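Asker: Supplied in structure tokens, the structure appears directly below.
The values are calculated or read from the model by the stated rules, or taken from the named source; none is laboratory data. The model shown is predicted, which means the values in this text are computed figures rather than measured ones. All Cβ positions, glycine included, derive from the backbone under ideal geometry; neighbour counts span all protein chains shown. Just so you know, the surface numbers come from the protein's heavy atoms only, side chains and all, with ligands and any DNA or RNA stripped out. Shrake-Rupley method; radii C 1.70, N 1.55, O 1.52, S 1.80 Å.
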Amino acid sequence: MPAFRQVGEKQLPNPILYMAWSPNRDLIALANTSGELLLHRLANFQRVWSLLPNENTGKEITSLAWRPDGKVLAFSVGDTKQVVLCDAEKAEILHLFPVEYPASCMHWMEVQDDSSTLSSFSESEDESSRFLPKLPSLPKSEEKSDEVTNLLGEVRLNILVVGGPSGFVELYAYGLYKIATLSGISGTCRSLGLSSDLKSLSVITEIRSTEDNPEIHYIQLDTGLLSSCLPELTKMARKFTHISTLLQYLRLSLTCMCEAWEDILMQMDLRLTKFVQEKNTSTQVQDEFLELLLWGHASPELQALLMNQLTVKGLKMLGQSIDSSYSSIQKLVISHLQSGSEALLYHLSEVKGMALWKQKFQPLGLDPAAIEDAIVAVGSFTLKASELLQVIDKSMKNFKAFFRWLYVAMLRMSEDNVPPELNKMTQKDLAFVADFLSEHFSANEELFDRKGKYFNVERVGQYLKDEDEDLVSPPNMEGNQWVTFVKQSTYLKESPLLFPTYPQKSLHFVKRMMEGSIDLCLQKPAEVIGHSIKQAVCLRLYTVPESSENTPRLFELPSLWNDKKAGMHYVVFCMPEISPSKIYILRRATDPNRSVAKGLVALNLNTPLNSSIDDETPAPASADSSYSCLDARFYDNETLTVVLRSLEDDENKMRVLAQLHLNSALSWDEEFTWDLTLRLEQQTEGIPVQGLTWRNQSREMDNIKAQFVAVNGIRKVACMLSANLRHIRVFEMDAEEEEEEEERADESQEMSLDQDRLEDTMTNQSDAGEGRDGVGGAEEAQVAGQGSGDILDETAGSDKL
């Protein structure tokens, strides 16, 4: 009996399009036709969580990829052209980014362990944490912001490779920062495999033409720059990924600030505008309020506005709303915007230092001028945040004094008692309120044409609006001594040491300018690295028959595998139209400059070696039948997991799950000479053929029309999917040790039963001997006791074994 043990089975309501095992956990991710992402556990195939499609992410999942540590799951969405990073623990969206084309395949790999490189980067990470304070958490409404800062994971570099139509291939460090945009690839990417030494990238493409069927090509790209500059690449990617997460942090902070600002704060502007439109006198609103301030008298129109529309209760609510809203925004600016901007300046300054070290970092495309522009943009954003703080502080003082005076005036109009603590008003307070009225309560015809209101008493909201227009009421800098000094200085006026302030623009506008400058500085390395990646080889494999057009592309062969120890790329594929009973394995060195002898072999599934190794067990009736391969995935460096189908003409056509051990099969003497002008299917005669023994490592699939398989050799699991994409069966592939333990337990139990029976027999013999001859019976009992003791010793030994 093979060591495949079924541990779960399920019928699913929606067809499954993609499935991928977690690298180091007993979890499998599934994506179905309804756009739902599912995570199941191996035990009983229990569902852990499900992520339903929504407007932000999209409804058409096109590929899946796990981060190598198994903590983050990436999935691409076709209808919105996005790649989404999801927390595997909580099913929360951590990050998403747009791509030019809908991704058709993804691959997430981790570079080989290099202790010296890792130690140097760990020291640099500790250094930045020593200088920078920990960023405070955002309010509970944005809980995912805490996860944004943790997206980096380990220091060791990992790269997410994304491929799509029209030769679209991009590489993202840590799944966040784009380090390369590739060009010159033809066709649609079907599968990707970046070697762990970063020396080459394997790509399977499908090239369509109007005349013939789609043609499958294998392309190997030389990524030697990534490998030769690995320490510099890791440091640059780490820094730029920090910058990307900080930008996301600032966006979320600004979103929280906009949520803290309330529409009720606009109530005063709208009420005053309505008052201007309805009043019959030609008196200015400003004069009406000044008359109330100086003489305590209000016109009937102003009194109606204050007592009937604004009301005493409404004034108190407005004052409380302004105080609460401004305080929340002020805290967010101080604790989040300013700390995030300081961290951004720190990392950009370090990147600028890296760019100036041209010997190390110039090959990666770091541009000091572009980075300097980004630093200046961040400085301008910091200044604008400080300007907003000053506006908030001034507005809170103004509104507090104004509302206190107006509240007392309205109490007097309604002939209510005025609290003694509010009744005192000095000449300084009067001048302060008069200045506030003259500055904020003059009707502005131009403002009415732009915004539909005559007044802009509330000055904070204009900074939080995402508009290209200038501020309605920019701060008055006429009395500012520093601004006057800079304007009068010939040298300081044009000095690059001073950050520009953009006094007419909102905080949102300056933030967008900053993001644009940082994006330009981040894009340059991706272009330079992308242009350095060249095609090393292109092999034409075979054409795709029309009958497979409706099959999900991710499930179709060829499949790719990277042998990290040997430094090899493996490609597994079948050509059912040419030789249905053969599996082809192509291998190439990850280093494009190193040639590999005997790079192609065909595995014959129907050889005389396919007989049972157990002589006592008769071979199954189907031992002589022919088989074709439906799906094949590398289980580990030496084992291939395949789904086979019997070629007999029966209706059910038996399916088999098998493990193919490739140690002997991958050692052959013949060499295949490849004519690059022809497809491989046109020159199959010279391909070396090897036979395999697989029946002692196989299991027939009953009651399931198995078609596809996903495996994880580290966790020793496999997942079968039926041809209708709804029926799933899960197996533990290496259950020999557990079965041996069960067999040992059964043997131990049988020996214990034998011991009990022997003791009972000896006791009966002893009782019979006492009646016949006491001495002889005692001697026999003694001998029997010694024999029983020997069995106990043997049993104990068996238990120990």
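Asker: So how many residues does the range 190-208 have that are over 25 Å from Leu522 (Cα atoms) and within 21 Å of the chain's Cα centre (by Cα)?
Answerer: Going through the range 190-208 one residue at a time, the tally reaches 2.
Asker: Kindly evaluate Ser559 against the criterion of being touching a helix residue (DSSP H, G or I) at 6+ places or on another chain (Cβ under 9 Å), at pLDDT below 95 and among the hydroxyl-bearing types (Ser, Thr, Tyr).
Answerer: Here the answer is no, as Ser559 does not meet what is asked.
Asker: Ok, one more. Report those strands (runs of 3 or more DSSP E) wholly inside the range 669-732 carrying at least 3 residues which are within 24 Å of Ser22 (Cβ to Cβ) and open to solvent by less than 60 Å² (accessible area, probe 1.4 Å).
Answerer: Once the strands (runs of 3 or more DSSP E) in the range 669-732 are filtered for at least 3 residues that are within 24 Å of Ser22 (Cβ to Cβ) and open to solvent by less than 60 Å² (accessible area, probe 1.4 Å), what remains is 706-712, 717-722, 727-732.
Asker: Please work out if Val161 is in a loop (DSSP other than H, G, I, E, B), at pLDDT 65 or above and of a type in the set (Val, Ile, Thr).
Answerer: no
Asker: Checking Val276 against (1) modelled with pLDDT of 80 or more; (2) among the β-branched types (Val, Ile, Thr); (3) surrounded by fewer than 17 Cβ atoms within 10 Å (Cβ to Cβ), which single condition isn't satisfied?
Answerer: In the conditions (1) modelled with pLDDT of 80 or more; (2) among the β-branched types (Val, Ile, Thr); (3) surrounded by fewer than 17 Cβ atoms within 10 Å (Cβ to Cβ), Val276 misses (1) alone.
Asker: Count, please, the residues in the range 66-102 that happen to be within 23 Å of Leu233 (Cβ to Cβ) and open to solvent by less than 40 Å² (accessible area, probe 1.4 Å).
Answerer: 11
Asker: Restricting attention to the range 20-39, which residues are over 12 Å from Leu52 (Cβ atoms) and acidic (Asp, Glu)?
Answerer: The one that is over 12 Å from Leu52 (Cβ atoms) and acidic (Asp, Glu): Asp26.
Asker: Would you mind stating whether Val483 is part of a helix (DSSP H, G or I), within 30 Å of Ile216 (Cα to Cα) and open to solvent by 30 Å² or more (accessible area, probe 1.4 Å)?
Answerer: So Val483 fails the test.
Asker: Quick check: is even one residue across the range 385-396 among the β-branched types (Val, Ile, Thr) and surrounded by fewer than 16 Cβ atoms within 10 Å (Cβ to Cβ)?
Answerer: No, the range 385-396 contains no residue that is among the β-branched types (Val, Ile, Thr) and surrounded by fewer than 16 Cβ atoms within 10 Å (Cβ to Cβ).
Conditions tested, residue by residue: (1) surrounded by 17 or more Cβ atoms within 10 Å (Cβ to Cβ); (2) modelled with pLDDT of 90 or more; (3) touching a Phe, Trp or Tyr at 6+ places or on another chain (Cβ under 9 Å).
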site	(1), (2), (3)
Ser324	no, no, no
Gly353	no, yes, no
Ala374	yes, yes, no
Thr382	yes, yes, yes
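Asker: Checking the conditions here, which among Asn14, Asn56, Asn24 is under 22 Å from Ile159 (Cα atoms), in a loop (DSSP other than H, G, I, E, B) and among the polar types (S, T, N, Q)?
Answerer: The conditions single out Asn24.
Asker: Let me ask something else about it. Restricted to the range 175-207, and to residues that are more than 27 Å from Leu586 (Cα to Cα) and at pLDDT below 90, which residue is surrounded by the most Cβ atoms within 10 Å (Cβ to Cβ)?
Answerer: Among those residues, the one meeting the criterion is Tyr177.
Asker: Go through the range 587-601 and give me each residue that's among the hydrophobic types (A, V, I, L, M, F, W, C) and either over 20 Å from Thr684 (Cβ atoms) or open to solvent by 10 Å² or more (accessible area, probe 1.4 Å) (or both).
Answerer: Selection gives Ala589, Val596, Ala597.
Asker: Could you tell me whether the range 113-126 includes any residue that is of a type in the set (Gly, Ala, Ser), closer than 25 Å to Ser202 by Cα and either at pLDDT below 85 or not in a loop (DSSP other than H, G, I, E, B) (or both)?
Answerer: Checked against the condition, which is being of a type in the set (Gly, Ala, Ser), closer than 25 Å to Ser202 by Cα and either at pLDDT below 85 or not in a loop (DSSP other than H, G, I, E, B) (or both), the range 113-126 yields no hits at all.
Asker: Follow-up. For Ser438, are the conditions met, namely being at pLDDT below 80 and not in a loop (DSSP other than H, G, I, E, B)?
Answerer: Answer is yes for this residue.
Asker: For the range 477-486, does any single residue satisfy the condition of being within 47 Å of the chain's Cα centre (by Cα) and at pLDDT below 80?
Answerer: The answer is yes, given that some residue of the range 477-486 is within 47 Å of the chain's Cα centre (by Cα) and at pLDDT below 80.
Asker: Now for a different question. Taking only pairs six or more apart or across chains, which ones have beta-carbon atoms under 8 Å, a first residue in the range 488-501 that is without any contact (Cβ under 8 Å) to a residue 12 or more places away in the chain and farther than 19 Å from Thr382 by Cα, and a second residue that is of a type in the set (Phe, Trp, Tyr) and open to solvent by 70 Å² or more (accessible area, probe 1.4 Å)?
Answerer: From the range 488-501, the pairs are Leu492/Phe485.
Asker: Collect the residues in the range 615-667 that are at pLDDT 90 or above and assigned to a loop (DSSP other than H, G, I, E, B), keeping them in residue-number order.
Answerer: Result: Asn637, Glu638.
Asker: While we're looking at this one, here's another question. Going through Ser50, Ser63, Ser34 one at a time, which residue ends up being in a loop (DSSP other than H, G, I, E, B) and either acidic (Asp, Glu) or open to solvent by less than 60 Å² (accessible area, probe 1.4 Å) (or both)?
Answerer: Ser34
Asker: Restricting attention to the range 355-368, and to residues there that are assigned to a helix (DSSP H, G or I) and open to solvent by 40 Å² or more (accessible area, probe 1.4 Å), which single residue is nearest to Thr223 (Cα to Cα)?
Answerer: Pro363
Asker: Checking Gln286 against (1) in a helix (DSSP H, G or I); (2) open to solvent by 70 Å² or more (accessible area, probe 1.4 Å), only one condition comes out false. Which one?
Answerer: Failed condition: (2).
Asker: Please specify each residue of the range 565-587 satisfying the condition of being in contact (Cβ under 8 Å) with a residue 60 or more places away in the chain and in a loop (DSSP other than H, G, I, E, B).
Answerer: Correct list: Lys565, Ala566, Gly567, Met575, Glu577, Ile578, Ser579, Pro580, Ser581.
Asker: Quick check, is Phe45 more than 17 Å from Leu721 (Cα to Cα) and open to solvent by less than 30 Å² (accessible area, probe 1.4 Å)?
Answerer: The answer is no for Phe45.
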